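A.B. asks: Below is the structure I would like to discuss, written out as structure tokens.
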Amino acid sequence: MSLSSAERAPRSPGDQALAYALVSPAVAVALAIAVLPLLYALWLSFQDWYLLRNPQPIWGGFKNFSALLADSALWSAFWRTCVWTLGTVAVEIALALPLALLLNRDSAIARAASALILLPWVMPFIVLGYGWRFLLDSEVGALHAVLQALGVADTSSVLNDPNLALGVIIFISGWKGMPFMVLALLAALKSIPDELYEAAAIDGAGHWQRFVTITVPLIQNTVVIIGLVLGILAFYSFDLPWIMTRGGPQDATTILGITMFKAVFTDLRPAYAAAISVVMLLILAGAALTLLQLRRRD
Amino acid sequence: MNDKRLIDVALDALTILLVVLLLAPIIWVFVASIRPDADLMTRSLIPAQVTFEHFADILSRSDFLIALRNSLLVGGSVALLTVLIALPAAYSLSRFTYRGRDAIGFLILATQMLPAVAVLVPIVVIVRSLGLANTLTALTVTHLALGLPIAVWMLKGYIDAVPRELEEASMMEGSTQLGAMVRITLPLIRPAIVAVGTFAFVLSWGEFLLALALITSTDVKTLPLALQTLFDPYSFSWGVVMAGGVVIGAPAVLLFFLFRNQLVGGLTAGGIKG
């Protein structure tokens, strides 16, 4: 019997046991930190548990879910989260596409730039959040001075303006996620054979025409799939709006992650918060199914 | 030909300009950390004076030093545990064929896709009912979820690339399968092991949400939480806050660039299509 190096049958029951033993700690961690909490959240979402009234959870059936549907603050947080998610992904694409096209060249500067551009992605939220707060501060902020000169901001920071705060933080959120899209787009662009462009050039196609007929169709899938991945991440945001404005001013930046956090820590209603996270998960599952469907199509 | 050179130079110049613009907020944090507060108030773009007083200031605060120690402790434990758990798992997934292997691989990968917000509520309730609120143990265990799945998949990729024949030759000479793994495969993938450990450390080092939800007392706070306390609304200095930001951000940046190639390769190999 020859042993191929890719796949082969186990040699003995001892090998089988060894294989399971080696993988079991990782499985235990996955069960303890992902599967068990998800099941527990599902159970919790059917409990009635308001810490100021009853210290222990009691069965509440669909109580949380009907409360959730009637919660107008939650509904506005939901719509705000939709705007936040779509806005973040739109900013990511708008920043990443021109950048990727520019960096898709064989020069030392382009290579160095495609490494440096990853910095917003690797820097922790807490550092970037305070960095931007500093830039936008009404007393010392350099960017605030610029916005004031442009007439966008008045004497107080744009972060204190209920009409502007969400848009500003959406931009920052997209800026933070942009490097991931650049990375993916660069990989997609590099896989397009030069011959396609050369052939089109011989046929007399101009720059714009080549971009529309060759580049766009070939990077479309990457944009959609990475956009969905980044969209899921954005949907579950918490750090940036919390660090920058705590969800304010006047709930202007309260997205679902913040509503959920406040439901546990401010309102002391963990079961209600669990119900919110179950609903968020259903929406995530819907998005993930769409993603799989799209991946299968290519 | 000259035209093409000119275009190349112009595109390079445009690249530099855009990158500086996009990185300006990060550069600004680093620059502000070494400017005196009076200089910051002038809003000028060029620092008139350079000082390290903000770093001296935060490093003389006991709460910040405690947080620094806690972050090192948690990050170090997370890195070590991630490697110790991910390596055998990756080896098992790569070298053995058994019932449920693909499902197990999928389960581990799926936990990477799960955002912390999605499991925050149950984790907080479970940790509290176990009496582990305000402990570094709880933070360490939950931080394992940050880097473990990607570590398993990256290491699996590297082990896949090591020819089995090398291990088989060693086993012919009488060593066990595990012995062959330790003696032959482990040294070959050492750079990848260091990279995933570092990655896990960096993710834990900057993690905010779980720390915020699980930790309230000063003696177990980590750096991101300590940075928040530097931001005292009545008497604080932007320079000090930015210096704290540099302390948190610099290791992430440094370690990322040391292992950039392994990590970028791993991210694309980890199932996210490029």
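The values are calculated or read from the model by the stated rules, or taken from the named source; none is laboratory data. Nothing here was measured: the structure is a model prediction, and the numbers come from that model. Neighbour counts are summed over all protein chains in view; Cβ atoms, including those assigned to glycine, are modelled from backbone coordinates with ideal geometry. For accessibility, only protein heavy atoms count, side chains too; no ligands or nucleic acids. Shrake-Rupley method; radii C 1.70, N 1.55, O 1.52, S 1.80 Å.
A.B. asks: Which one of the conditions (1) more than 11 Å from chain B (Cβ to nearest Cβ); (2) in a helix (DSSP H, G or I); (3) surrounded by fewer than 20 Cβ atoms within 10 Å (Cβ to Cβ) does A:P162 fail to meet, given that it meets all the rest?
C.D. replies: It fails just one condition, (2).
A.B. asks: Which of the residues spanning the range B:108-165 are within 15 Å of B:T222 (Cβ to Cβ) and of a type in the set (S, T, Y)?
C.D. replies: Hits for the range B:108-165 are B:T135, B:T137, B:T140, B:T142.
A.B. asks: I'd like to check something: does the range B:61-74 contain any residue that is farther than 30 Å from B:T142 by Cα, in a helix (DSSP H, G or I) and open to solvent by less than 40 Å² (accessible area, probe 1.4 Å)?
C.D. replies: no
A.B. asks: At pLDDT 95 or above and either surrounded by 20 or more Cβ atoms within 10 Å (Cβ to Cβ) or within 23 Å of the chain's Cα centre (by Cα) (or both): does that describe A:V91?
C.D. replies: So A:V91 passes the test.
A.B. asks: Still on this model: Hey, among B:G157, B:G206, which residue is farther than 19 Å from A:I232 by Cβ and either away from chain A (no Cβ under 12 Å) or in contact with a strand residue (DSSP E or B) (Cβ under 7 Å, 6 or more places away or on another chain) (or both)?
C.D. replies: Every option except B:G157 fails the conditions.
A.B. asks: If you take the residues of the range B:27-39 that are open to solvent by less than 10 Å² (accessible area, probe 1.4 Å) and within 7 Å of another protein chain (Cβ to nearest Cβ), which of them is nearest to the chain's Cα centre (by Cα)?
C.D. replies: B:V29
Results for (1) open to solvent by 30 Å² or more (accessible area, probe 1.4 Å); (2) modelled with pLDDT under 90, shown as yes or no for each residue.
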site	(1), (2)
A:S237	no, no
A:G248	no, yes
A:I258	no, no
A:R269	yes, no
A:Y272	no, no
A:A275	no, no
A:L284	no, yes
A:L294	yes, yes
A:R297	yes, yes
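A.B. asks: Could you run through the range B:84-112 and say how many residues are within 7 Å of chain A (Cβ to nearest Cβ) and assigned to a helix (DSSP H, G or I)?
C.D. replies: 11
A.B. asks: Collect the residues in the range B:6-21 that are of a type in the set (V, I, T) and either more than 9 Å from chain A (Cβ to nearest Cβ) or open to solvent by less than 60 Å² (accessible area, probe 1.4 Å) (or both), keeping them in residue-number order.
C.D. replies: B:I7, B:V9, B:T15, B:V19, B:V20
A.B. asks: Of A:W49, A:W59, A:W75, A:W79, which residue is touching a strand residue (DSSP E or B) at 6+ places or on another chain (Cβ under 8 Å) and without any contact (Cβ under 8 Å) to a residue 40 or more places away in the chain?
C.D. replies: A:W59
A.B. asks: Please state which of the following conditions B:A226 fails to meet, knowing it meets all the rest: (1) within 19 Å of B:R69 (Cα to Cα); (2) at the interface with another protein chain (Cβ under 9 Å from one of its Cβ atoms); (3) open to solvent by less than 30 Å² (accessible area, probe 1.4 Å).
C.D. replies: For B:A226, the failing item is (2).
A.B. asks: Still on this model: Report yes if some residue within the range B:94-109 is aromatic (F, W, Y), without any contact (Cβ under 8 Å) to a residue 12 or more places away in the chain and open to solvent by 30 Å² or more (accessible area, probe 1.4 Å); otherwise report no.
C.D. replies: Looking through the range B:94-109, at least one residue is aromatic (F, W, Y), without any contact (Cβ under 8 Å) to a residue 12 or more places away in the chain and open to solvent by 30 Å² or more (accessible area, probe 1.4 Å).
A.B. asks: So B:V74 fits all but one of (1) over 30 Å from the mean Cα position of the chain (by Cα); (2) touching a residue at least 60 places away in the same chain (Cβ under 8 Å); what number is the exception?
C.D. replies: (1)
A.B. asks: Among the candidates A:A205, A:A187, which residue alone is surrounded by fewer than 20 Cβ atoms within 10 Å (Cβ to Cβ), among the hydrophobic types (A, V, I, L, M, F, W, C) and in a helix (DSSP H, G or I)?
C.D. replies: A:A187
A.B. asks: Among the residues in the range B:152-165, are any more than 18 Å from B:F259 (Cβ to Cβ), surrounded by fewer than 24 Cβ atoms within 10 Å (Cβ to Cβ) and of a type in the set (K, R)?
C.D. replies: Yes, the range B:152-165 has at least one match.
A.B. asks: Next question. Would you point out the residue of the range A:97-141, among those that are open to solvent by less than 10 Å² (accessible area, probe 1.4 Å) and farther than 28 Å from B:S33 by Cα, that is farthest from the chain's Cα centre (by Cα)?
C.D. replies: Only one residue tops the list, namely A:A110.
A.B. asks: When the range A:18-30 is examined, which residues are found to be exposed (fewer than 15 other Cβ atoms within 10 Å of the Cβ) and either within 28 Å of the chain's Cα centre (by Cα) or modelled with pLDDT under 90 (or both)?
C.D. replies: The one that is exposed (fewer than 15 other Cβ atoms within 10 Å of the Cβ) and either within 28 Å of the chain's Cα centre (by Cα) or modelled with pLDDT under 90 (or both): A:A28.
A.B. asks: Only residues in the range B:45-64 that are closer than 29 Å to B:T216 by Cα count as the first member; pair them with residues that are surrounded by 13 or more Cβ atoms within 10 Å (Cβ to Cβ) and basic (K, R), Cβ under 9 angstrom, at least 6 apart or cross-chain, and list the lot.
C.D. replies: Matching pairs, first to second residue: B:H54/B:R35; B:D63/B:K221.
A.B. asks: I would also like to ask the following. Might you let me know whether the range B:59-76 holds any residue that is among the aromatic types (F, W, Y) and either in contact with an Asp or Glu (Cβ under 6 Å, 6 or more places away or on another chain) or more than 10 Å from every other protein chain (Cβ to nearest Cβ) (or both)?
C.D. replies: yes
A.B. asks: Can you name the number of the only condition in (1) in a helix (DSSP H, G or I); (2) within 11 Å of another protein chain (Cβ to nearest Cβ); (3) of a type outside the set (F, W, Y) that B:R43 fails?
C.D. replies: Against the list (1) in a helix (DSSP H, G or I); (2) within 11 Å of another protein chain (Cβ to nearest Cβ); (3) of a type outside the set (F, W, Y), B:R43 comes up short only on (1).
A.B. asks: Among the numbered criteria (1) open to solvent by 60 Å² or more (accessible area, probe 1.4 Å); (2) farther than 28 Å from A:R111 by Cα; (3) within 18 Å of the chain's Cα centre (by Cα), which one does B:R260 miss?
C.D. replies: Condition not satisfied by B:R260: (2).
A.B. asks: Let me ask another. If I ask for residues that are within 10 Å of chain B (Cβ to nearest Cβ) and among the charged types (D, E, K, R), which ones from the range A:204-258 would you list?
C.D. replies: Within the range A:204-258, just A:D239 meets the criteria.
A.B. asks: Would you please list the contacts, defined by Cβ atoms under 9 Å and residues six or more apart or on different chains, that run from a residue in the range B:215-239 that is within 22 Å of B:V31 (Cα to Cα) and among the hydroxyl-bearing types (S, T, Y) to a residue that is in a helix (DSSP H, G or I) and modelled with pLDDT under 85?
C.D. replies: B:S237/B:D37; B:S237/B:L40; B:S237/B:L230
A.B. asks: Taking the range B:177-200, which residues are in contact with a Gly (Cβ under 8 Å, 6 or more places away or on another chain) and open to solvent by 40 Å² or more (accessible area, probe 1.4 Å)?
C.D. replies: Hit for the range B:177-200 is B:F199, nothing else.
A.B. asks: Check every one of the helices (runs of 4 or more DSSP H) wholly within the range B:139-256 and list those with 1 or more residues that are modelled with pLDDT of 90 or more, among the β-branched types (V, I, T) and in contact with a helix residue (DSSP H, G or I) (Cβ under 6 Å, 6 or more places away or on another chain).
C.D. replies: B:190-205
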